[in-house]
Amino acid sequence: MSELHKFIFEGMPVRGMLVRLTGAWQDILARRAANTETGAYPPPVRDLLGEMAAAGVLMQGNIKFNGALVLQIAGDGPVKVAVVEVQPDFSLRATCTRTAEVADDASLSEMVNLLNQGRCVITLDPRDRLPGQQPYQGVVPLFGDRGEKLERISQVLEHYMLQSEQLDTVLVLAADAQVAAGLLIQRLPVQGQGNLLGQTDSVQREEQLGRSEDFNRIAILARSLKREELLTLDADTVLHRLFWEEPLARFEPLVGDKGPRFACSCSRLRVQRMIRSLGVQEAQSILAEQGQIEVGCDFCGTQYRFDPVDAAQIFTDTPDTPFADTVH
């Protein structure tokens, strides 16, 4: 069962989280493998998407945001786009689109950043958006301060969190065909209340970066975690091996209905609205060519089919009239 563990280091401005996606991750992979048009993900694409899924859960748990967190990577390589969406209740979905074959030993830059044009986009979409309100969006390149290509998604996201939150962060991520896992360690602001009240300006916060000896020590311990350990060891073992000398205070793990799990928000009603947005002429053109309108969900693989009678009903019913609305 997938699980999310939160913890703090007592008396220190440091917090952490550990996520292990098992059932949720295997469900995503199984649905992709069952898609006869795409087939299973190649190993490097699978591992990239798994690391993104683990990171998305950690980031959602870190900000306590009442809305969807969408983590997306797009670039100029054979992987056109990779997307992970995590809801505030930690339900998640993920998908990836390729335009060409990917070698079994392909690196991050070879998949999405051939000419250093790759970007990572983090979107926060509020659940109850006000009229005219747009989602918050942050964009970071897939290269470092000196223009060097970054080969780990953890490096990209550490850079993002340093820019957006101005807090030192360590991310350790790993994924394979069975597990997607991640460890996050973050330095909390010493003057947290001052930050919230706007009494600590950006220059002061930047001066504090990297100055916590406690954080630096714990960060070194976190970075010592090996990929095989993160994938194969249970949470209790990982945390004990890394921090057995530290005053670790753990919260109740989030599992089951409260923890990370696969869920897709696609529905027949949403597809109905999408077809209506195409217009009558485009819909009729598709019907004339194919005899029906068929739309498949990239996230869960569900196929939605509309015959000519269904399609006609789309344009005669009121906009929000559902046929048989279901969410997967």
Loop-resident sites, the stretch 1-110, for GluC sites (Glu not before Pro), counting at most 14 other Cβ within 10 Å (DSSP): Glu10, Glu37, Glu101
Using the per-residue mean of other Cβ atoms lying within 10 Å as a proxy for protection, in what order, highest first, do the peptides 249-257, 157-165 fall? 157-165, 249-257
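Stretch Asn216-Gln166 to full length: gain in nm at 0.36 nm per residue minus the Cα-Cα span?
Full extension from Asn216 to Gln166 adds 16.4 nm.
May I ask you to order 58-65, 174-181, 119-126 by the average number of other C-beta atoms within 10 Å around their residues, highest value first?
Result, highest mean first: 174-181, 58-65, 119-126.
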Using +1 on the beta carbon of Lys and Arg, -1 on that of Asp and Glu, and nothing else charged, what's the dipole of the stretch 110-168 about the Cα centre, debye to 20? 200
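Quickly estimate the mean residue ellipticity at 222 nm for the chain, helices only: each DSSP H run with n ≥ 4 gives -39500 (n - 2.57), and the total goes over all residues, rounded to 500.
Working: 12 runs with 119 residues, N = 328.
Helices in the chain give a 222 nm mean residue ellipticity of -10500 deg cm²/dmol.
If each residue of separation counts as 0.36 nm, what is the full-extension length gain between Arg15 and Arg273 once their alpha-carbon separation is subtracted? Could you put the intermediate results ahead of the total?
Details: separation 258, 0.36 × 258 = 92.88 nm, distance 4.31 nm.
Gain on extension, Arg15 to Arg273, equals 88.6 nm.
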For the chain, with only Lys/Arg (+1) and Asp/Glu (-1) charged at the beta-carbon, what is the dipole magnitude about the Cα centre, in debye rounded to 20? 300
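With a probe of 1.4 Å, find how much accessible area the chain has per residue, and write the answer as a whole number in Å².
50
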Please list, in order along the stretch 225-232, the HN-Hα scalar couplings obtained from phi with the Karplus expression 6.51 cos²θ - 1.76 cosθ + 1.60 (θ = phi - 60°), rounded to whole Hz, x for Gly and Pro. 5, 8, 4, 4, 5, 5, 7, 10
Run through the DSSP bridge list for the chain and note the antiparallel percent, rounded to the nearest 5. 95
If R₀ is 30 angstrom, what is the calculated FRET efficiency for the pair Glu148 and Ile8, using the beta carbon separation as r and rounding to 0.05? 0.35
Note, Asn62: beta-carbon cut-off 11 Å, +1 each Lys/Arg, -1 each Asp/Glu, net +2
Accessible area of the chain with a 1.4 Å probe: how many percent of it is carbon plus sulfur? 50
Please list 303-313, 276-286 highest first by mean number of surrounding beta-carbon atoms within 10 Å per residue. 303-313, 276-286
J(HN,Hα) series, the stretch 177-183, from Karplus relation 6.51 cos²θ - 1.76 cosθ + 1.60, nearest Hz, glycine and proline x: 6, 10, 9, 10, 9, x, 10
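How large is the dipole of the stretch 1-40 about the Cα centre if only Lys and Arg carry +1 and Asp and Glu carry -1, each at its Cβ, rounded to the nearest 20 debye? Walk me through the numbers before you get to the answer.
Numbers: 5 positive and 4 negative charges, 10 e Å.
Once rounded to the nearest 20, the dipole reads 40 debye.
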So for the stretch 1-104, considering every pair of alpha-carbon atoms, how many percent are separated by more than 19 Å? 48
Pseudo-spin-label distance Ser107 to Ser285, built 7 Å along Cα→Cβ, given in nm, is 4.3
Starting at the first residue of the stretch 287-294, write each ³J(HN,Hα) from the Karplus equation 6.51 cos²θ - 1.76 cosθ + 1.60 with θ = phi - 60°, in whole Hz, x for Gly and Pro. 5, 5, 7, 10, x, 7, 9, 10
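For the chain, what does the relative contact order come out to in percent, with C-alpha contacts under 8 Å and a separation of six or more? Spell out each step's value before the answer.
Numbers: 616 pairs, mean separation 73.1, N = 328.
The normalised contact order for the chain reaches 22 percent.
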Residues with amide H under 5 Å of Leu114's amide H, sequence separation 5 or more or different chain, H placed in the peptide plane at 1.01 Å from N; which? Asp76, Gly77
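The values are calculated or read from the model by the stated rules, or taken from the named source; none is laboratory data. Keep in mind the model is a prediction, meaning the values are calculated, not measured. Here Cβ is always computed from backbone atoms with ideal geometry, including for glycine, and neighbour counts include all displayed protein chains. Note: areas computed on protein heavy atoms with side chains; ligands, DNA, RNA excluded. Shrake-Rupley method; radii C 1.70, N 1.55, O 1.52, S 1.80 Å.
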